[in-house]
Amino acid sequence: MEINLHQDIAIVTVVGGDNLPCSLPGQKKIFTSKGEGLTGSLNLPWLEEQVAGLIRGNQSNGFNVACFSNPEEPDQKVTVMIDPYLPPNELIVLGGGHIALPLVKLGKMMGYQVTVVDDRQEFVTAERFPDADRVICRGFSDLGRYLTLGPGSSVVIVTRGHQHDQVCLRQLINYPLAYLGMIGSKRKIKMARQSLLEEGIDPKIIEKVHMPVGLDIGAQTPEEIAICIAAEMIKDRRGGSSHSLKEGPSKKGASTNDSEISSAIDKEVLQEAIRAACDGTPAALATIIKTSGSTPRKAGARMFIHRDGRAFGTIGGGSGELEIYLAALGVADELLPRLHQVTMTGDRAALEGMVCGGMMEVFIEPVNTFRALCGGGIIESE
């Protein structure tokens, strides 16, 4: 079961405030990246208006906690967490031939939504590509009419012939894609470069295209070629160097970004909470909304706690996480959200191996607060 998101959205949740109705914490509403309301409600029109303005002003990039005041009753203040939630990156494979088969499987393993396009019906069937999210039988001459192409799109051109590859490349080269690669021999690639230059394409843009596609690992079989393509996509995405680890650290820099990995895990935790809500499974979601001093994890870190005791994700481990875990079991039973403060100072910090200690404020909510967001074509479990 996966969570499908069809556009960039922000999930806004009320976590607390002053002089509020007791039913308000946990209220949710989904906004588009332009601040348009989609579904759910924060139950206060003035609050929804101010939140929409913040999102429209692009001031809510990344996880954010913000406080708003009622313009007519200044003593009424509301704190919300704003959580941008972007659709998964998409891998578009143009061509349904022998290389596409293993490449689609690898793309799914790497976390992409995968689309396969070919103009031959027998090459784009659900039976041939059971791992693909979409299979499209259409010609290659009007890709922009049926594909959504942008910074989250990685496109690999592996059609059945040079002519089709060129048609695809001409259409795609000016899109701001995450990755664009085209298979081909040295002769074919030389001809493609020359053709693009003669058409007036900026040489710097041409150089950004990975052609021939993939890293040189001596690949021969379709499976090996698919691996060399996937490896190059990872290299681009993670900033790697294709340097052999056996030869020691690369001068180019780290291949793994801890904060990026943590962010990806937190997103998976949120997906798990939404999935549980849509399935009616009793559970709780704990989210750090504020920290001070030295804490293992910062605002936005999450942990999902099932009522049967299973947990996914982490807010830092140790006795602090255990304290939140036990509180979350109670929330999953009582179905009432709460703010919980964990203080890690003095002897407790020393026992945890922390240099100076700190404090974290955690919002714990039953996952049923996500129920209003299920369905409607925005968040769906399938």
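Helix 162-172 versus the longest principal axis of the chain: what is the Cα-based angle in degrees, 0 to 90, to the nearest 10?
Between the helix axis and the principal axis of the chain, the angle is about 40 degrees.
Would you mind ranking Lys34, Lys188, Lys246 so that the residue whose beta carbon has the fewest other beta carbons within 10 Å leads the list?
Lys246, Lys34, Lys188
Subtracting the Cα-Cα distance from 0.36 nm times the residue separation, let me have the gained length for Arg187 to Asp279 in nm, one decimal.
27.7 nm
Taking Cα atoms, how many degrees apart are the long axis of helix 318-334 and the longest axis of the chain, rounded to 10 and kept between 0 and 90?
So the inclination is approximately 80 degrees.
From the phi of every residue in the stretch 208-215, what ³J(HN,Hα) in whole Hz does the Karplus formula 6.51 cos²θ - 1.76 cosθ + 1.60 yield, where θ is phi - 60° and glycine or proline is x?
Listing the rounded values in order: 6, 7, 7, 9, x, 6, x, 8 Hz.
Given that compact globular proteins tend to follow 2.2 N^0.38 Å, what is the ratio of the alpha-carbon Rg of the stretch 29-74 to that value?
1.12
Restricting the count to DSSP beta bridges whose residues both fall in the chain, what percent are antiparallel, rounded to a multiple of 5?
Here the share of antiparallel DSSP bridges comes out near 70 percent.
By count of other Cβ within 10 Å, fewest leading, how are Glu268, Glu334 ordered? Write out the running numbers ahead of the final one.
On the way: Glu268 16, Glu334 11.
Neighbour counts put them in this order, fewest first: Glu334, Glu268.
Suppose a student asked you for the relative contact order of the chain, using Cα pairs under 8 Å spaced at least 6 residues apart; what percent would you report? Could the numbers behind the result be given before it?
Numbers: 734 pairs, mean separation 53.6, N = 382.
It comes to 14 percent, rounded to a whole number.
Does anyone have the angle between helix 222-238 and the longest principal axis of the chain? Alpha-carbon axes, 0 to 90°, nearest 10?
Relative to the chain, helix 222-238 is tipped by roughly 50 degrees.
So what's the net charge close to Val167: Lys and Arg +1, Asp and Glu -1, counting the other residues with Cβ under 11 Å from its Cβ? Present the calculation step by step, with values, prior to reporting the outcome.
Numbers: positive: Arg170; negative: Asp119, Asp142, Asp165.
Once positives and negatives cancel, what remains is -2.
How far apart, in nm, are two points set 7 Å out from the Cα along the Cα-to-Cβ line at Thr125 and at Cys22?
Using points 7 Å along Cα→Cβ, the separation is 6.2 nm.
Can you tally the net charge around Ala327? Count Lys and Arg as +1, Asp and Glu as -1, for every other residue whose Cβ sits under 14 Å from the Cβ of Ala327.
-4
For a protection proxy built on the mean count of beta-carbon atoms within 10 angstrom, sort 364-374, 271-281 highest first, please.
Descending mean neighbour count gives 364-374, 271-281.
Under Stokes-Einstein, with the Kirkwood radius over Cα pairs standing in for Rh, what whole-number D in µm²/s applies to the chain at 37 °C and 0.692 mPa s?
For the chosen part, D equals 140 µm²/s.
Taking amide H atoms as placed 1.01 Å from N in the peptide plane, list the residues 5 or more away in sequence, or in a different chain, whose amide H sits under 5 Å from that of Gly17.
For Gly17, whose amide H was placed from the backbone, the distant partners under 5 Å are Thr79.
Grab the DSSP H runs of the chain that are 4 residues or longer, score each as -39,500 (n - 2.57), total them, divide by all residues and round the 222 nm result to the nearest 500 deg cm²/dmol.
Taken over the chain, the calculation gives -9500 deg cm²/dmol.
When you take every Cα atom in the stretch 3-85, what is the radius of gyration, and what is Dmax, the widest Cα pair distance, in Å?
12.1, 40
So if each residue of separation counts as 0.36 nm, and I subtract the Cα-Cα distance between Tyr175 and Lys246, what length gain in nm does that give? Please report the intermediate quantities before stating the final value.
Details: separation 71, 0.36 × 71 = 25.56 nm, distance 3.71 nm.
Answer, rounded to one decimal: 21.8 nm.
May I ask you to list the lysines whose Cα is less than 23 Å away from that of Lys188, ignoring any residue fewer than eight positions away on the same chain?
In chain and number order, the partners are Lys204, Lys208.
With a sphere of radius 11 Å drawn around the Cβ of Asp18, what net charge do the other residues whose Cβ falls strictly inside it have (Lys, Arg +1; Asp, Glu -1)?
With Lys, Arg at +1 and Asp, Glu at -1, the net is -1.
Roughly what % of Cα-Cα distances in the stretch 90-241 sit above 25 Å, to the whole percent?
It works out to 22 percent of all Cα pairs.
Determine the relative contact order of the stretch 98-210: mean sequence separation of Cα pairs under 8 Å and six or more apart, normalised by residue count, in whole percent.
Reported as a whole number, the value is 19 percent.
Coordinate-derived values only; no laboratory data. Bear in mind that the values here come from a model prediction, so they are computed numbers and not experimental data. Ideal geometry is used to build each Cβ from the backbone, glycine not excepted, and the neighbour counts take in all protein chains shown.
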